[in-house]
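The values are calculated or read from the model by the stated rules, or taken from the named source; none is laboratory data. Predicted, not measured: the structure shown is a model, and the values here were computed from it. All Cβ positions, even for glycine, are placed from backbone atoms using ideal geometry, and neighbour counts span all protein chains on display. Calculation scope for accessible area: heavy atoms of the full protein, side chains included, ligands and nucleic acids excluded. Shrake-Rupley method; radii C 1.70, N 1.55, O 1.52, S 1.80 Å.
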Amino acid sequence: MRPFIFKPVYVERIWGGRGFEKYRADMPEGVIGESWDVSGHNGGMSVVADGEDAGKTLVELTKKYGAALVGTKIEGEFPLLVKLIDSNDSLSVQVHPGDEYARRVENEFGKTECWYVVDAKEGATLVMGTKTTDKVAFKAAAEAGELDEYLNHVSVKKGDFFYIPSGLIHAICPGVVIAEIQQSSDITYRVYDYNRGREMHLEKGMEVSDLALAPQTAINDTLLCQGEYFTVEKHIIEDEMIDTSNEEKFYIYTCVEGEGTLASFGETITVKTGDSVFIPATLGTFSITGQLTVLKSFVS
């Protein structure tokens, strides 16, 4: 078993731009808002970039290797999705459903996610939660296009982290590059979209939202979050870090700053800002060398 790199799946969004050109040399033309980098979701399925399994999807890879790839405790659909987001304009004010509602209404996973700020322009903000718990007032303001007074804007800088449970109203504002780790789901209910003419989901959004939820930041410098669906750790590597895979689960390492190499059993992979590497459950011991900051994500 070896580490896997997948081809990025680039997604055009009306709020996207060309910000990924800072990290990537393979960007297609267009207004690119997202890069799905590790995904078993049909909305942006990962495909192995090289090696003997080149061209295989993550689902095909899982069928081939089973627990040796994903771990003995992982069953059913691939549970996580790792992406980059580039906001050249504001994303919609939105909310995601939890598992029960999503399964019943959309036949999909719910969507709890987290954001690590890879880069942010001066003065950049995010919407994290609301200033009211009154759903009637909130809905009326959304319908009237006067929602801003109820939104909790948070100033952000490079390195900030937020855990976003299902039910929390949120939005990314212009000038931010985000590394997002989330459940494998693409359900988004827009409650306000700056009159851009896209489909809205205010009724569903109000059903699943919890206006009492507040934004959650990192637990500490290393353990960013430890939730029901995933755990994310941050590791600052100044020389070398040694790790060993876990036969119960896979790891995903995402580089959010710097550059280095990941080596295992004589094979070396270059890792730079924006790259994600999939670590199979049975890989064994490996090292990451260089000056870089990485996020280690895995199922809790």
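Between residue 154 and residue 285, how many nm apart are label points set 7 Å from Cα along the C-beta direction?
3.9 nm
Figure the gain on full extension for residue 267 and residue 65 (residue separation times 0.36 nm, minus the Cα-Cα span) and round it to one decimal in nm.
70.8 nm
Quick one: what do you get for the chain if you divide its Cα Rg by 2.2 N^0.38 Å?
For the chain, the normalised Cα radius of gyration is 0.99.
What number, rounded to the nearest 500 deg cm²/dmol, is the helix-based mean residue ellipticity at 222 nm of the chain, given -39500 (n - 2.57) per DSSP H run of at least four residues and division by all its residues?
Calculated mean residue ellipticity at 222 nm is -2500 deg cm²/dmol.
When the gyration tensor of the range 92-136 is built from Cα positions, what are the square roots of 5 times its three eigenvalues, in whole Å, from largest to smallest?
27, 17, 7
Relative to the present Cα-Cα distance, how much length would full extension add between residue 210 and residue 257 at 0.36 nm per residue of separation?
The span from residue 210 to residue 257 would gain 13.5 nm if fully extended.
Between residue 236 and residue 2, what FRET efficiency comes out of the Förster formula 1/(1 + (r/R0)^6) with R0 = 25 Å and r the beta carbon distance, rounded to 0.05?
E between residue 2 and residue 236, to the nearest 0.05, is 0.45.
Gain in length, residue 77 to residue 18, computed as 0.36 nm per residue apart minus the alpha-carbon separation, to one decimal in nm?
Gain in length upon complete extension: 18.0 nm.
So which lysines pass the test for residue 249, namely a Cα distance under 27 Å, with those fewer than 8 places away in the same chain ruled out?
Here the lysines satisfying the reach criterion relative to residue 249 are 7, 56, 63, 64, 73, 83, 111, 234, 272, 296.
Summarise the accessible area of the range 34-74 (1.4 Å probe, protein heavy atoms) by the percent that is carbon and sulfur.
51 percent
Relative contact order for the range 141-290: what is it in percent, counting Cα pairs under 8 Å that are at least 6 residues apart?
Reported as a whole number, the value is 19 percent.
On the Cα set of the range 87-209, report Rg and Dmax in Å, please.
Using the Cα atoms of the range 87-209, the pair Rg, Dmax is 14.0, 42 Å.
Tell me, what is the FRET efficiency for residue 244 and residue 42 to the nearest 0.05, using R0 = 22 angstrom and their Cβ-Cβ distance as r?
Calculated transfer efficiency: 0.10.
Sort the following peptides by mean Cβ neighbour count (other Cβ atoms within 10 Å, averaged over residues), highest first: 87-96, 131-140, 201-210.
Answer by packing, highest mean first, reads 87-96, 201-210, 131-140.
How much accessible area per residue does the chain have, in Å², with a 1.4 Å probe?
Normalised by residue count, the accessible surface of the chain is 43 Å².
Taking the Cα atoms only, what angle lies between the long axis of helix 135-144 and the longest principal axis of the chain, rounded to 10 degrees?
For helix 135-144, the angle is close to 80 degrees.
Within the range 157-189, name every residue whose backbone N is under 17 Å away from a label modeled 7 Å from Cα of residue 133 along the Cβ vector.
Label zone hits: 167-169.
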